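The values are calculated or read from the model by the stated rules, or taken from the named source; none is laboratory data. Please read these numbers as outputs of a predicted model, since none were measured by experiment. As a convention, Cβ positions derive from the backbone with ideal geometry for all residues, glycine included, and neighbour counts pool all protein chains shown.
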Amino acid sequence: MKRIFLTLAIAFSIFAVQSCDNANTDSKKTADSINETKAPENLDDNNTATTPVAVGEDDAKFVTEAASGGMAEVELGKLAKEKGQHVDVKAFGEMMVNDHSKANDELATLAQAKNITLPASLGTDALNLRDELSKKSPGDFDKSYIEDMVKDHEKDIKLFEDASKNLKDAEPKAFVDKTLPTLRNHLNHAKSVKDKLK
(Lines give C-alpha, C1' and ligand atoms only; values in the text may rest on other atoms or scores of the structure.)
Protein backbone atom coordinates (compact mmCIF):
# COMPACT_ATOMS: atom_id res chain seq x y z
CA MET A 1 0.00 0.00 0.00
CA LYS A 2 2.87 2.37 0.85
CA ARG A 3 4.44 1.65 -2.54
CA ILE A 4 1.28 2.49 -4.43
CA PHE A 5 0.84 5.66 -2.39
CA LEU A 6 4.45 6.69 -3.08
CA THR A 7 4.03 6.10 -6.81
CA LEU A 8 0.79 8.11 -6.86
CA ALA A 9 2.41 10.87 -4.81
CA ILE A 10 5.28 11.15 -7.30
CA ALA A 11 2.88 11.24 -10.25
CA PHE A 12 0.65 13.81 -8.54
CA SER A 13 3.65 16.00 -7.66
CA ILE A 14 4.85 16.03 -11.24
CA PHE A 15 1.32 16.80 -12.48
CA ALA A 16 0.89 19.57 -9.90
CA VAL A 17 4.19 21.21 -10.81
CA GLN A 18 3.32 20.96 -14.49
CA SER A 19 -0.15 22.45 -13.94
CA CYS A 20 1.06 25.32 -11.76
CA ASP A 21 3.84 26.31 -14.11
CA ASN A 22 2.22 25.37 -17.41
CA ALA A 23 3.46 28.46 -19.24
CA ASN A 24 7.07 27.59 -18.50
CA THR A 25 6.84 23.80 -18.59
CA ASP A 26 8.40 21.97 -21.48
CA SER A 27 6.82 18.60 -22.20
CA LYS A 28 10.20 17.05 -23.02
CA LYS A 29 11.68 18.22 -19.72
CA THR A 30 8.69 16.78 -17.89
CA ALA A 31 9.13 13.43 -19.65
CA ASP A 32 12.86 13.43 -18.85
CA SER A 33 12.06 14.17 -15.20
CA ILE A 34 9.59 11.29 -15.01
CA ASN A 35 12.12 8.96 -16.64
CA GLU A 36 14.76 10.01 -14.11
CA THR A 37 12.45 9.06 -11.24
CA LYS A 38 11.97 5.66 -12.89
CA ALA A 39 15.71 5.10 -13.39
CA PRO A 40 16.81 1.92 -11.57
CA GLU A 41 19.43 3.79 -9.57
CA ASN A 42 16.74 6.18 -8.26
CA LEU A 43 14.38 3.44 -7.05
CA ASP A 44 14.93 2.03 -3.61
CA ASP A 45 13.94 -1.41 -2.32
CA ASN A 46 10.65 -0.04 -0.96
CA ASN A 47 9.52 1.30 -4.35
CA THR A 48 8.79 -1.90 -6.24
CA ALA A 49 5.43 -0.62 -7.53
CA THR A 50 7.23 1.63 -10.02
CA THR A 51 8.58 -0.23 -13.04
CA PRO A 52 12.05 1.07 -13.89
CA VAL A 53 13.06 2.37 -17.29
CA ALA A 54 14.62 -0.55 -19.16
CA VAL A 55 17.46 1.50 -20.68
CA GLY A 56 20.16 3.80 -19.36
CA GLU A 57 19.45 7.44 -18.66
CA ASP A 58 21.27 8.67 -21.80
CA ASP A 59 19.31 6.25 -23.99
CA ALA A 60 16.01 7.39 -22.42
CA LYS A 61 16.94 11.05 -22.95
CA PHE A 62 17.73 10.37 -26.60
CA VAL A 63 14.35 8.67 -27.10
CA THR A 64 12.48 11.62 -25.54
CA GLU A 65 14.54 14.10 -27.59
CA ALA A 66 13.85 12.19 -30.82
CA ALA A 67 10.13 11.96 -30.00
CA SER A 68 9.94 15.66 -29.22
CA GLY A 69 11.68 16.52 -32.48
CA GLY A 70 9.47 14.13 -34.43
CA MET A 71 6.30 15.70 -33.04
CA ALA A 72 7.59 19.13 -34.02
CA GLU A 73 8.35 17.97 -37.58
CA VAL A 74 4.80 16.63 -37.95
CA GLU A 75 3.17 19.82 -36.63
CA LEU A 76 5.37 22.11 -38.72
CA GLY A 77 4.78 19.88 -41.75
CA LYS A 78 1.02 20.29 -41.29
CA LEU A 79 1.52 24.04 -41.13
CA ALA A 80 3.57 23.94 -44.36
CA LYS A 81 0.86 21.96 -46.13
CA GLU A 82 -1.71 24.52 -45.02
CA LYS A 83 0.21 27.78 -45.34
CA GLY A 84 2.91 27.04 -47.92
CA GLN A 85 2.64 28.73 -51.30
CA HIS A 86 5.27 26.89 -53.34
CA VAL A 87 4.33 23.39 -54.46
CA ASP A 88 7.68 22.02 -53.26
CA VAL A 89 7.19 23.49 -49.78
CA LYS A 90 3.77 21.85 -49.54
CA ALA A 91 5.24 18.54 -50.78
CA PHE A 92 8.08 18.78 -48.26
CA GLY A 93 5.55 19.41 -45.48
CA GLU A 94 3.62 16.33 -46.60
CA MET A 95 6.82 14.27 -46.52
CA MET A 96 7.55 15.51 -42.98
CA VAL A 97 4.08 14.52 -41.79
CA ASN A 98 4.27 11.06 -43.36
CA ASP A 99 7.86 10.13 -42.49
CA HIS A 100 7.91 11.55 -38.98
CA SER A 101 4.48 10.15 -38.11
CA LYS A 102 5.81 6.72 -39.01
CA ALA A 103 8.99 7.28 -36.98
CA ASN A 104 6.93 8.62 -34.05
CA ASP A 105 4.83 5.45 -34.08
CA GLU A 106 8.00 3.33 -34.00
CA LEU A 107 9.37 5.41 -31.12
CA ALA A 108 6.11 5.07 -29.19
CA THR A 109 6.30 1.28 -29.52
CA LEU A 110 9.95 1.31 -28.45
CA ALA A 111 9.22 3.62 -25.52
CA GLN A 112 6.37 1.44 -24.32
CA ALA A 113 8.58 -1.66 -24.46
CA LYS A 114 11.33 0.12 -22.50
CA ASN A 115 8.97 1.93 -20.08
CA ILE A 116 10.14 5.35 -21.28
CA THR A 117 7.74 8.26 -20.82
CA LEU A 118 7.52 10.38 -23.97
CA PRO A 119 6.60 14.07 -24.19
CA ALA A 120 2.84 14.56 -24.33
CA SER A 121 2.93 17.73 -26.42
CA LEU A 122 5.23 20.04 -28.33
CA GLY A 123 8.13 21.50 -26.41
CA THR A 124 8.50 25.22 -25.80
CA ASP A 125 10.94 25.80 -28.67
CA ALA A 126 8.71 23.99 -31.16
CA LEU A 127 5.63 25.88 -29.96
CA ASN A 128 7.46 29.18 -30.33
CA LEU A 129 8.66 28.27 -33.82
CA ARG A 130 5.19 27.15 -34.89
CA ASP A 131 3.69 30.40 -33.58
CA GLU A 132 6.39 32.46 -35.27
CA LEU A 133 5.93 30.68 -38.61
CA SER A 134 2.14 30.88 -38.46
CA LYS A 135 2.38 34.68 -38.23
CA LYS A 136 4.54 34.96 -41.35
CA SER A 137 3.05 36.37 -44.51
CA PRO A 138 2.50 33.75 -47.23
CA GLY A 139 5.50 35.10 -49.15
CA ASP A 140 7.82 34.90 -46.14
CA PHE A 141 6.54 31.59 -44.81
CA ASP A 142 8.07 29.33 -47.45
CA LYS A 143 11.63 30.64 -47.06
CA SER A 144 11.47 30.76 -43.27
CA TYR A 145 10.04 27.24 -43.00
CA ILE A 146 12.61 25.68 -45.33
CA GLU A 147 15.50 27.52 -43.67
CA ASP A 148 14.30 26.20 -40.31
CA MET A 149 14.02 22.68 -41.76
CA VAL A 150 17.61 22.81 -43.03
CA LYS A 151 18.90 23.95 -39.62
CA ASP A 152 16.70 21.49 -37.75
CA HIS A 153 17.74 18.50 -39.85
CA GLU A 154 21.43 19.41 -39.52
CA LYS A 155 20.91 19.42 -35.74
CA ASP A 156 18.93 16.16 -35.86
CA ILE A 157 21.59 14.40 -37.93
CA LYS A 158 24.25 15.38 -35.40
CA LEU A 159 22.04 14.13 -32.54
CA PHE A 160 21.47 10.81 -34.32
CA GLU A 161 25.13 10.39 -35.32
CA ASP A 162 26.21 10.96 -31.72
CA ALA A 163 23.52 8.55 -30.54
CA SER A 164 24.71 5.93 -33.02
CA LYS A 165 28.12 6.00 -31.33
CA ASN A 166 26.95 6.32 -27.72
CA LEU A 167 23.67 4.45 -27.20
CA LYS A 168 23.98 1.28 -25.16
CA ASP A 169 20.66 -0.45 -25.83
CA ALA A 170 20.28 -2.31 -29.15
CA GLU A 171 16.70 -1.22 -29.89
CA PRO A 172 17.18 2.57 -29.74
CA LYS A 173 20.44 2.09 -31.67
CA ALA A 174 18.58 0.12 -34.37
CA PHE A 175 16.02 2.94 -34.59
CA VAL A 176 18.86 5.43 -35.07
CA ASP A 177 20.53 3.36 -37.78
CA LYS A 178 17.21 2.94 -39.60
CA THR A 179 16.19 6.61 -39.32
CA LEU A 180 19.48 8.38 -40.05
CA PRO A 181 19.35 7.84 -43.86
CA THR A 182 15.83 9.31 -43.92
CA LEU A 183 17.01 12.40 -42.01
CA ARG A 184 19.88 12.84 -44.47
CA ASN A 185 17.42 12.56 -47.35
CA HIS A 186 15.21 15.19 -45.70
CA LEU A 187 18.18 17.54 -45.34
CA ASN A 188 19.15 17.14 -49.00
CA HIS A 189 15.56 17.66 -50.07
CA ALA A 190 15.20 20.77 -47.86
CA LYS A 191 18.40 22.24 -49.33
CA SER A 192 17.09 21.58 -52.84
CA VAL A 193 13.79 23.33 -52.07
CA LYS A 194 15.68 26.22 -50.45
CA ASP A 195 17.71 26.67 -53.66
CA LYS A 196 14.50 26.82 -55.70
CA LEU A 197 13.14 29.60 -53.49
CA LYS A 198 16.10 31.95 -54.04
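A quick yes/no check of all residues on (1) of a type in the set (A, V, I, L, M); (2) assigned to a helix (DSSP H, G or I); (3) more than 24 Å from Ser192 (Cβ to Cβ); (4) in contact (Cβ under 8 Å) with a residue 12 or more places away in the chain:
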| position | (1), (2), (3), (4) |
| --- | --- |
| Phe92 | no, yes, no, yes |
| Asp99 | no, yes, no, yes |
| Asn104 | no, yes, yes, yes |
| Gln112 | no, yes, yes, no |
| Leu122 | yes, no, yes, yes |
| Leu127 | yes, yes, yes, no |
| Arg130 | no, yes, no, yes |
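Among the candidates Asp125, Asp152, Asp99, Asp142, which residue alone is among the acidic types (Asp, Glu) and more than 19 Å from His189 (Cβ to Cβ)?
Asp125
Here are the criteria: (1) loosely packed, with under 15 Cβ neighbours inside 10 Å; (2) more than 21 Å from Glu57 (Cβ to Cβ). Tell me which single one Lys194 does not satisfy.
The single condition Lys194 does not satisfy is (1).
Residue check: is Lys61 more than 18 Å from Leu127 (Cα to Cα), assigned to a helix (DSSP H, G or I) and at pLDDT below 95? Even if it seems obvious, please write down each step before you answer.
On the way: more than 18 Å from Leu127 (Cα to Cα): yes; assigned to a helix (DSSP H, G or I): yes; at pLDDT below 95: yes.
So Lys61 passes the test.
It is to be established whether one or more residues within the range 147-155 are of a type outside the set (Ser, Thr, Tyr), without any contact (Cβ under 8 Å) to a residue 12 or more places away in the chain, closer than 30 Å to Gly56 by Cα and in a helix (DSSP H, G or I). First the steps, then the outcome.
Taking the range 147-155 as the starting set, the residues that turn out to be of a type outside the set (Ser, Thr, Tyr) are 147-155.
Now drop any that are not without any contact (Cβ under 8 Å) to a residue 12 or more places away in the chain, which leaves 151, 155.
From the residues that got through so far, the ones that are closer than 30 Å to Gly56 by Cα too are 151, 155.
Filter once more, so that each one left must be in a helix (DSSP H, G or I): 151, 155.
Scanning the range 147-155 turns up at least one residue that is of a type outside the set (Ser, Thr, Tyr), without any contact (Cβ under 8 Å) to a residue 12 or more places away in the chain, closer than 30 Å to Gly56 by Cα and in a helix (DSSP H, G or I).
Considering every residue within the range 64-71, establish whether at least one is among the acidic types (Asp, Glu) and modelled with pLDDT of 95 or more.
In the first step, residues of the range 64-71 are kept if they are among the acidic types (Asp, Glu); the result is 65.
Okay, now just the ones that are also modelled with pLDDT of 95 or more, so none.
No; the residues of the range 64-71 include none that is among the acidic types (Asp, Glu) and modelled with pLDDT of 95 or more.
Listed residues Asp162, Asp148, Asp125, Asp156; which is more than 19 Å from Thr64 (Cβ to Cβ) and not hydrophobic (A, V, I, L, M, F, W, C)?
Every option except Asp148 fails the conditions.
Condition test on Ala163, is it in contact with a Pro (Cβ under 9 Å, 6 or more places away or on another chain) and buried (at least 21 other Cβ atoms within 10 Å of the Cβ)? Give the steps one after another, and end with the answer.
Working: in contact with a Pro (Cβ under 9 Å, 6 or more places away or on another chain): yes; buried (at least 21 other Cβ atoms within 10 Å of the Cβ): yes.
Spelling it out, Ala163 is indeed in contact with a Pro (Cβ under 9 Å, 6 or more places away or on another chain) and buried (at least 21 other Cβ atoms within 10 Å of the Cβ).
Do the conditions hold for Ala66, that is, is it outside any loop (DSSP other than H, G, I, E, B), of a type in the set (Gly, Ala, Ser), in contact (Cβ under 8 Å) with a residue 40 or more places away in the chain and within 18 Å of Asp26 (Cα to Cα)?
On the way: outside any loop (DSSP other than H, G, I, E, B): yes; of a type in the set (Gly, Ala, Ser): yes; in contact (Cβ under 8 Å) with a residue 40 or more places away in the chain: yes; within 18 Å of Asp26 (Cα to Cα): yes.
Considered against the rule, which asks whether it is outside any loop (DSSP other than H, G, I, E, B), of a type in the set (Gly, Ala, Ser), in contact (Cβ under 8 Å) with a residue 40 or more places away in the chain and within 18 Å of Asp26 (Cα to Cα), Ala66 comes out as yes.
So, in the range 69-90, exactly how many residues are in contact with a Leu (Cβ under 9 Å, 6 or more places away or on another chain), over 21 Å from Val176 (Cβ atoms) and either outside any helix (DSSP H, G or I) or not charged (D, E, K, R) (or both)? Break it down into steps so the answer makes sense when it comes.
Within the range 69-90, the subset in contact with a Leu (Cβ under 9 Å, 6 or more places away or on another chain) is 69-72, 75-76, 79-80, 83, 86, 88-89.
Add one more test, that the residue is over 21 Å from Val176 (Cβ atoms), and what stays is 75-76, 79-80, 83, 86, 88-89.
Cutting the leftovers down to either outside any helix (DSSP H, G or I) or not charged (D, E, K, R) (or both) gives us 76, 79-80, 86, 89.
Summing the residues that are in contact with a Leu (Cβ under 9 Å, 6 or more places away or on another chain), over 21 Å from Val176 (Cβ atoms) and either outside any helix (DSSP H, G or I) or not charged (D, E, K, R) (or both) in the range 69-90 gives 5.
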